[in-house]
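*Asks:* Starting off with a structure, shown below.
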Amino acid sequence: MEAFTEKFGIGQPVRRKEDQRLLIGGGVYTDDINIEGQVHLAFLRAPYAHARINHIDTTAAAQAPGVLAVFTGRDLEKDGVGRVESNINLKQLDGTPIFKTQRLALPTDKVRFAGEPVAMVVAETAFQAADAVELIIFDADQLPAVVTARAAGAQGAAVLHDELPDNCALHWQNDTPDAYDAVAAKAHKIVSIALTNNRVVPVPMEPKCCIAEMNPGTGRLTIYAPFQGGRRVQGAVADLLFDGERDKVRHVSDNTGGGFGTRSKIYPEIIAVCYAAKSLGRTVKWLGDRSETFVSDLHGRDQVNSAQLAFDADGKILGYRLETLVNIGAWVTENGARLAIDGGGRIVGGAYDIPVLYYSCRNMMTNTVSTDTYRGAGRPEANYIVERLMEKAAHELGIDPQELRRRNFIKTFPYTTQMGMKVDCGDFAACMDMALANSDWAGFGPRAARSQAGGKLRGIGLASFLEGAGGRPEETMRVQIQEDGSVNIICGTFSHGQGHGTVYSQIVSEKMGVPFTAIDLIQGDTDTAPAGASGTYGSRSSQMGGVAIIRACDIIIEKGKVIASHLLQADTAEVTFEAGTFSARGGSVTMAEVAKAAHDTRRLPDGLQPGLDETYHYTRDGGRDDQSFPNGCHICEVEVDPETGAVEMLAYSAADDCGTVLNPLIVHGQVHGGVAQGIGQALCEHTVYDEETGQLLTGSFMDYGMPRAHHLSHMAAEFNPIPSTNNELGVKGAGEAGCCGAPPAFVNAVLDALSSLGVKHLDMPLTPNNIWRAIHQAKAEGETH
Amino acid sequence: MYEFNYHRPKTLDEASRTTKEAEDGQVLAGGMTMIPSMKLRLASPSDLVDLADIDGLKGITIGPDTVTIGAMTRHHDVHTSPDVQKAIPALAALAGGIGDPSVRHRGTIGGSVANSDPAADYPAAVLGLDATVETNTRKIAADDFFTGLFETALESGEIITAVHFKIPDAAAYMKFPQPASGFAMVGAFVAKFGGEFRLAVTGAKDCVFRMTEMEQALAANFSADAVAEITIAEDDLLADIHCGADYRAHLVTVMAKRAVALAAG
Ligand SMILES: Cc1cc2nc3c(=O)[nH]c(=O)nc-3n(C[C@H](O)[C@H](O)[C@H](O)COP(=O)(O)OP(=O)(O)OC[C@H]3O[C@@H](n4cnc5c(N)ncnc54)[C@H](O)[C@@H]3O)c2cc1C
């Protein structure tokens, strides 16, 4: 028994059991599914960023070959389709609630971003549907468009929603600025920075798509679509189309090709496809192409920050002032307007002790697709600001950057942040020391000299960060031991790359001594997901789902003891359980034997229900505030070609504290993936809308710079695990840390490389064009001085 | 994609005739440009004439003074050909820097040259190596071939059969990739033929062009220094979100200088 727990238990580098199937093309993604009798849908998307709709003439399209129906927002309105409203409940300082939009899947009054769906055609074939879309006459009066948060707040800016003349959906403040102003007035030094956090497109490999299968017999709708947990889409579609009757809606996804936050949201396209299926009583398939996915998937980041740190004479932080403008796009979505507040705000001061905080956040509406959760969801932005600021402060204060960080790290735990979060544990200096050693920071000098000899500038940069993970404090898991001793873990969390099948199996294997290979994960179906299950987002699945599994296992073991006592003719209290075996009075039975007996009513003790099948709804004791706080220190080394502005990443060392490491192979993968996404944002990813027309200029891989393997160096990831005290597994969440650490570490490294040229400021992405311009400008300034 | 007729002729004549007679006929080579444009509904040929089954369009022949590459030869085959690597290493290296492995296994030299994408790599080699583009009807000198943005001297139904490259004494290609697409933001190809030089630049204007001032300077002094101070006017250079005209102008000089340094090695 012990043998397999040793190899497959918690903490072992078990290879992912998912991989073989996925690597040989055995995954089933939405477009792999074709249902007898299905028909196809295509959308007409707004050609303008901002326009008042006069009339949508569908006559010609309706008569085109193969067309079954053409729908516009008017049809949805007529049929009483519900409108999507955000459930954000944040308020302005004076108590006024956030402005919310009521979004119909296809708008009837105005279009508010280029690419917004405005009509749809259902036809026998996908080509017929696409052809008919071109016959729709979209008559609208173009309005001026506004695409940046700053421009949206300017006098005379185009107004997105008539009820919101200043385009500011929510001006949230934690407090008045008085307390900060008071400490600033007696500060030894105030260091300020202005930053842009560039907008990124999440780009999951699988484009947005959906099949809605209507069973006219039962009146039940089954949705096949990539999603990070079907309960949400089930609930939304039920609310909007089925008077809230959840039983009428089922969501299924076998495999989802990438989530990153953008696949956890309710999209108007999904509602529209479901509506079409329901109206026609048919199975309707829609496969969005990459261009549609670019213009209509929710984007990430897009902030403008102005920040200040006030220091005393010892370099100790007295207060932090942060003013942020967030570009939340055309609609107030599920999380967009709270990302910088509930998302990033929870760790707004990063790894540092911030005695006084003034934080103001204006959420601005623009003629762009909305921004919402994207890997890290507010935390990368928050850490980026404070790490850029600390680096700058060190130079202005004349204190070594590492020393300045050490002086200000949070050192006593639990630590309650200015936003009320209770950081339970961590050792930020230890993480930094680990990263410094792994990166051979001390040996940087000779390496820089070698680069210089080759005409290149070498730089090294560091970033400490604090993350907050596992927001929603409840999750349900069902663990079922079958008659043959094999185990099913039945859940509503959803593995779309995380390797839950492997990690959950490790937990069960360790806990119950069941062979790893005998454990299966059943997920991706709202019909099997237990009640109260939620989904996978915010680095929560191990810490919420994992704990729920442990608790369900505990109940099974207790029941197993009762059965074992019966089999061993002992008292239940005498039975012990270890490594898969129940023992008492010198005898023993295995879990498999107990499972067999559990399914045989003749061998059960009186009064016991057959089966070993338990569902546990876990609610974290401390609720939302007692989440976990992953943290770490990342160091990046780069080389810049000063003649062209090209940056090459040379080395990367990550020291992460993500609590107990359940599977180091998988967590390394999470760190690598997160770092790659962070480097992507810092190096090349950039979403550009034309400021005049509002058109997306980076709507394909030809213009949107995805990071590629050759952009990245080797990434060394090490762990400094300090188990979380807020869950019994001790895990902290590992999915989003990489993209918190990478952008500031990378940018700080490039700034270090360019310091000899007098470059003092850079904004992401650090494309050759931007770097060359910064060098050019520094030279010009150097000459005039 | 719209509906279209697909043809797979066995002979050049048939291919040319089918293309010409169709309402809007286009030939198909590797499809790496054609198919994505059709999928985006940017190109909508009524008829697509696939060159895949026509004999004699594929392969590499090395002559005493020339390297001849059949129009349907894939970038991968040029890149990995020991003969090309020996005769014109710069050409093999250029082919190896196009796109990614799957693009290089499908894309062809004929398709790339016919397309005259302003940011494509091959046109720089064709112009820099004073190549001759052979079609089913004639031979066209490189200097006359590229006429503008996605424009060439090819006439309707005219099909490239091969490209003949002159073997230089020395040559090199330097490419600065556009960060998103990997195409050339600026690429410079330099070649030395006895006392004469050719220096072709791609990525910077509507189509590939020669930097004659640099060529003359190199004739006097074959070194990077000779071109290091020669700049190009920004006025008719491309400018986009990845690269302003001023930065492009700067890159033209830097890439030319580096290509020369490599060729002079
Ligand atoms: C992801 C990606 C990255 C790329 N990166 C680069 C890069 O870095 N550098 C670069 O240079 N290119 C790049 N390309 C383009 C690639 O090199 C293509 O192969 C090339 O542009 C077209 O060649 P093809 O054989 O695929 O032609 P096709 O797409 O089949 O045809 C292209 C055009 O040429 C015409 N045509 C084709 N063959 C002939 C012929 N024999 N005679 C007359 N007309 C003909 C066709 O009618 C069509 O109009 C990239 C492409 C992709 C998809």
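The values are calculated or read from the model by the stated rules, or taken from the named source; none is laboratory data. Everything numeric in this text was worked out from a predicted model, so none of it was measured. Here the Cβ is made from the backbone with ideal geometry for all residues, glycine too, and neighbour counts use every protein chain on show.
*Asks:* When the stretch A:277-292 is examined, which residues are found to be more than 14 Å from A:Pro117 (Cα to Cα) and part of a helix (DSSP H, G or I)?
*Replies:* A:Ala277, A:Lys278, A:Ser279, A:Leu280, A:Arg290
*Asks:* Would you pick out the residues in the stretch B:231-247 that are crowded, with 17+ Cβ neighbours inside 10 Å and part of a loop (DSSP other than H, G, I, E, B)?
*Replies:* B:Ile232, B:Leu237, B:Leu238, B:His242, B:Gly244
*Asks:* May I pose another question? Among the candidates B:Pro64, B:Pro89, B:Pro101, B:Pro82, which residue alone is more than 9 Å from the ligand (Cβ to nearest atom) and within 14 Å of chain A (Cβ to nearest Cβ)?
*Replies:* None of the others qualify; the one that does is B:Pro101.
*Asks:* Looking only at the stretch A:559-587, filter to residues that are among the small types (Gly, Ala, Ser) and buried (at least 19 other Cβ atoms within 10 Å of the Cβ); which one of those is farthest from A:His599 (Cα to Cα)? Working first, answer last.
*Replies:* Of all residues in the stretch A:559-587, those among the small types (Gly, Ala, Ser) come to A:560, A:564-565, A:570, A:573, A:579-580, A:583-584, A:586-587.
If we keep only those that are buried (at least 19 other Cβ atoms within 10 Å of the Cβ) as well, we get A:560, A:564-565, A:580, A:584.
Details: A:Gly560: 12, A:Ala564: 13, A:Ser565: 16, A:Gly580: 18, A:Ala584: 21 Å.
The qualifying residue farthest from A:His599 (Cα to Cα) is A:Ala584.
*Asks:* Still on this structure, please answer the following. Step by step: first the residues of the stretch A:752-785, then only those that are more than 18 Å from A:Thr644 (Cβ to Cβ) and surrounded by 16 or more Cβ atoms within 10 Å (Cβ to Cβ), then the one that is nearest to the other protein chains (Cβ to nearest Cβ). Which residue is that?
*Replies:* The extreme case among them is A:Met764.
*Asks:* Would you pick out the residues in the stretch B:232-259 that are at pLDDT 95 or above and away from chain A (no Cβ under 14 Å)? Don't jump to the end; show me each part of the working.
*Replies:* If we filter the stretch B:232-259 for residues that are at pLDDT 95 or above, which is where we start, we get B:232-234, B:237-259.
B:Ile232, B:Ala233 - these are the residues of the stretch B:232-259 that are at pLDDT 95 or above and away from chain A (no Cβ under 14 Å).
*Asks:* Which one of the conditions (1) surrounded by fewer than 17 Cβ atoms within 10 Å (Cβ to Cβ); (2) under 33 Å from the mean Cα position of the chain (by Cα) does A:Gln418 fail to meet, given that it meets all the rest?
*Replies:* (1)
*Asks:* Residues of the stretch A:560-595 being over 20 Å from A:Pro515 (Cβ atoms) and acidic (Asp, Glu), which ones?
*Replies:* Answer for the stretch A:560-595, where residues must be over 20 Å from A:Pro515 (Cβ atoms) and acidic (Asp, Glu): A:Asp571, A:Glu574.
*Asks:* Kindly indicate the residue of the stretch B:12-29 that is within 10 Å of the ligand (Cβ to nearest atom) and not aliphatic (A, V, I, L, M) and also nearest to B:Ser112 (Cα to Cα) among those meeting that condition.
*Replies:* So the first thing to find is which residues in the stretch B:12-29 are within 10 Å of the ligand (Cβ to nearest atom), and the list is B:12, B:15-16, B:19, B:25-29.
Next, from what is left, pick out any that are not aliphatic (A, V, I, L, M): B:16, B:19, B:25-26.
Working: B:Ser16: 18, B:Thr19: 18, B:Gly25: 18, B:Gln26: 14 Å.
Residue satisfying both the conditions and the ranking: B:Gln26.
*Asks:* Are any residues in the stretch B:140-181 away from the ligand (no atom under 14 Å from the Cβ), over 25 Å from B:Glu23 (Cα atoms) and not aromatic (Phe, Trp, Tyr), and if so, which ones?
*Replies:* B:Ala141, B:Ala142, B:Asp143, B:Asp144, B:His164, B:Lys166, B:Ile167, B:Pro168, B:Asp169, B:Ala170, B:Ala171, B:Ala172
*Asks:* Can you name every residue in the stretch A:250-300 that is within 14 Å of chain B (Cβ to nearest Cβ), over 20 Å from A:Pro107 (Cα atoms) and over 21 Å from the mean Cα position of the chain (by Cα)?
*Replies:* Listed by number, the residues that qualify are A:Leu287, A:Asp289, A:Ser291.
*Asks:* Just to check your reading of the model, which residue among B:Val201, B:Val186 is aliphatic (A, V, I, L, M), within 23 Å of B:Thr147 (Cα to Cα), part of a strand (DSSP E or B) and away from chain A (no Cβ under 14 Å)?
*Replies:* After ruling out the rest, the residue left standing is B:Val201.
*Asks:* Moving to a separate point now. Out of all the residues in the stretch A:392-402, is one or more modelled with pLDDT of 95 or more, within 22 Å of A:Gln627 (Cα to Cα) and among the charged types (D, E, K, R)?
*Replies:* Looking for residues that are modelled with pLDDT of 95 or more, within 22 Å of A:Gln627 (Cα to Cα) and among the charged types (D, E, K, R), one finds none in the stretch A:392-402, hence no.
*Asks:* Does the stretch B:35-52 hold any residues that are within 23 Å of the chain's Cα centre (by Cα), in contact (Cβ under 8 Å) with a residue 12 or more places away in the chain and more than 9 Å from the ligand (Cβ to nearest atom), and which are they?
*Replies:* B:Met38, B:Ala52
*Asks:* Let me ask another. Would you point out which residue out of B:Gly97, B:Gly187, B:Gly110 is of a type in the set (Gly, Ala, Ser), surrounded by fewer than 19 Cβ atoms within 10 Å (Cβ to Cβ), touching a strand residue (DSSP E or B) at 6+ places or on another chain (Cβ under 7 Å) and in contact (Cβ under 8 Å) with a residue 60 or more places away in the chain?
*Replies:* Within the list B:Gly97, B:Gly187, B:Gly110, the selection yields B:Gly97.
*Asks:* Of the conditions (1) away from the ligand (no atom under 16 Å from the Cβ); (2) modelled with pLDDT under 95, A:His710 fails just one. Which one is it?
*Replies:* For A:His710, the failing item is (1).
*Asks:* Considering only residues that are touching a residue at least 40 places away in the same chain (Cβ under 8 Å) and among the acidic types (Asp, Glu), look in the stretch A:513-535 and name the one that is surrounded by the most Cβ atoms within 10 Å (Cβ to Cβ).
*Replies:* A:Asp525
*Asks:* Counting residues that are within 14 Å of chain B (Cβ to nearest Cβ), which strands (runs of 3 or more DSSP E) fully inside the stretch A:612-716 reach at least 3?
*Replies:* Values: elements: A:612-619, A:631-640, A:647-657.
Those strands (runs of 3 or more DSSP E) span A:647-657.
*Asks:* Determine whether B:Met32 is within 14 Å of another protein chain (Cβ to nearest Cβ), touching a helix residue (DSSP H, G or I) at 6+ places or on another chain (Cβ under 6 Å), within 11 Å of the ligand (Cβ to nearest atom) and closer than 30 Å to B:Met1 by Cβ.
*Replies:* Here the answer is yes, as B:Met32 does meet what is asked.
*Asks:* Of (1) touching a helix residue (DSSP H, G or I) at 6+ places or on another chain (Cβ under 9 Å); (2) surrounded by 19 or more Cβ atoms within 10 Å (Cβ to Cβ); (3) among the charged types (D, E, K, R), A:Glu403 satisfies all except one. Which?
*Replies:* Of everything listed in (1) touching a helix residue (DSSP H, G or I) at 6+ places or on another chain (Cβ under 9 Å); (2) surrounded by 19 or more Cβ atoms within 10 Å (Cβ to Cβ); (3) among the charged types (D, E, K, R), A:Glu403 misses just condition (2).
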